[in-house]
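Single-structure report; data block below.
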């Protein structure tokens, strides 16, 4: 995977630290396991960090972790909730496809722009997503972080996120 190109695309220093932690956590493996992630190493960034595990039997992503800033978006902690429960139906298929692509290729995801639109507000900012693998090879989870500035209402334009993918 092209980690150097992914890291270079990340603008926010806090998001860069999260990505660098992912890279250090994997060691010689292609991808780190969830158990390789050490929250103490990214304590300052934890409010914007989130994670999902993939349940291959159901085809669902289940929340593992949501930092305080992420829980604010949804009005609850994501832990133990499926993506289907968390996201609006209009967004679910797109988000599920993006998440499955991330673990299947595997790939890195970077986006800037309107990184969320939920209930009566939206957030402009930057998002990163990186794959996890308990065996170091087969993607089975997502480790991500989203930095945003929340604003009331709906965005003036419907441009959403500008996505960049970095693969093997």
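Against the longest alpha carbon principal axis of the chain, how many degrees, from 0 to 90 and to the nearest 10, is the axis of helix 89-104 turned?
20
Any idea what the relative contact order of the chain is, in percent, if you count C-alpha pairs under 8 Å spaced at least 6 apart?
In percent, rounded to a whole number, it is 26.
Which order results if 108, 166, 6 are arranged by neighbouring Cβ count within 10 Å, fewest first?
166, 6, 108
Can you figure out the FRET efficiency of residue 135 with residue 17, using R₀ = 25 Å and their beta-carbon distance, to the nearest 0.05?
For R0 = 25 Å, the calculated efficiency reads 0.45.
Give me the number: length gained by fully extending residue 68 to residue 5, i.e. 0.36 nm times residue separation minus the C-alpha to C-alpha distance, one decimal in nm.
Extra length available between residue 68 and residue 5 comes to 19.8 nm.
Among 22-34, 62-74, how do they line up by average Cβ neighbours within 10 Å per residue, starting with the highest?
Values: 22-34: 16.8, 62-74: 19.2.
My ranking of the peptides, most packed first, is 62-74, 22-34.
Compute the long axis of helix 13-26 from its Cα atoms, compare it with the longest principal axis of the Cα atoms of the chain, and write down the angle in degrees, 0 to 90, nearest 10.
Once rounded, one gets 30 degrees.
Treating only the Cα positions of region 1-151 as identical point scatterers, give the base-10 log of I(q)/I(0) from the Debye formula at each q in 0.14, 0.17 Å⁻¹.
Those come out to -0.62, -0.96, one per q.
Starting from 0.36 nm per residue, how many nanometres of slack lie between residue 57 and residue 76 once their C-alpha separation is accounted for?
4.3 nm
Computed from the coordinates by the stated procedures, all read-outs in this text should not be read as laboratory data. Keep in mind that what you see is a predicted model, and the values were worked out from it rather than measured. FYI the Cβ positions are ideal-geometry reconstructions off the backbone, even for glycines, and counts take in every protein chain you see.
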